[in-house]
Amino acid sequence: MGILSSILTACAGERPNNLGAKAGLLAACPASPNCVASQAVDEKHRIQPLAFSDDPDAAFARLKRVLGRRGDATIIEERPDYLRVELHTRLFVDDGEFLLDRAQRVIHLRSASRLGYSDLGKNRSRMEELRNEFSNEEKKP
């Protein structure tokens, strides 16, 4: 069991210490293609933020509910208008961040792999799944 535990720990990688919103910005993506962010300036990494039309606090609470229902997401840090999550994919762990922008009525997002170079589009597809869940939740009466 010790070897399996070591392998799983190696695949999870270390939690990054450069995350957390600073001055209204999430961390920039590295050059590798295994990251997406709504505040990225290059098209390779850019993804749309989560838009909402209701109250900002209600929208952020909805995001937390959606994340809480997902079997692959664990909230690691929660501050006013900021969430940091670990996103699990079989053996790997990715890091997700969400930042509420009240003025623009969006929630900025970032999702990046801890290890490796390519994620075969997993971070982008996961954030698009999350966007659909978030949007569908808003439409419920």
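Every number in this text was worked out from the coordinates using simple rules, so none of it is lab data. As the structure is a computational prediction, the values presented were derived from the model and not from experiment. Don't worry about glycine lacking a Cβ; one is built from the backbone with ideal geometry, like all the others, and counts go over all protein chains shown.
For Glu128 and Ala31, calculate 0.36 nm times their separation in residues minus their Cα-Cα distance, and state this gained length in nm to one decimal.
The Glu128-Ala31 span can extend by a further 32.8 nm.
Figure the gain on full extension for Ser53 and Lys140 (residue separation times 0.36 nm, minus the Cα-Cα span) and round it to one decimal in nm.
30.0 nm
Could you name the lysines in cross-link range of Lys122, using Cα to Cα under 24 Å and dropping any fewer than eight places away on the same chain?
By straight Cα distance, Lys122 reaches Lys44, Lys64.
Over the range 2-139, what is the relative contact order in percent, taking alpha-carbon pairs closer than 8 angstrom and at least six residues apart?
28 percent
FRET efficiency for Arg105 and Glu14, Cβ-Cβ distance as r, R0 = 30 Å, nearest 0.05?
With R0 = 30 Å, the Cβ-Cβ based efficiency is 0.30.
Would you calculate the separation in nanometres between label points at Leu120 and Arg65, each defined as 7 Å from the Cα along the Cα-to-beta-carbon direction?
Reported label-point gap for Leu120 and Arg65 is 3.4 nm.
At q = 0.14 Å⁻¹, what is the base-10 log of I(q)/I(0) for the chain according to the Debye formula with one equal point scatterer per Cα and no solvent? Please give it to two decimals.
Each listed q maps to, in turn, -0.63.
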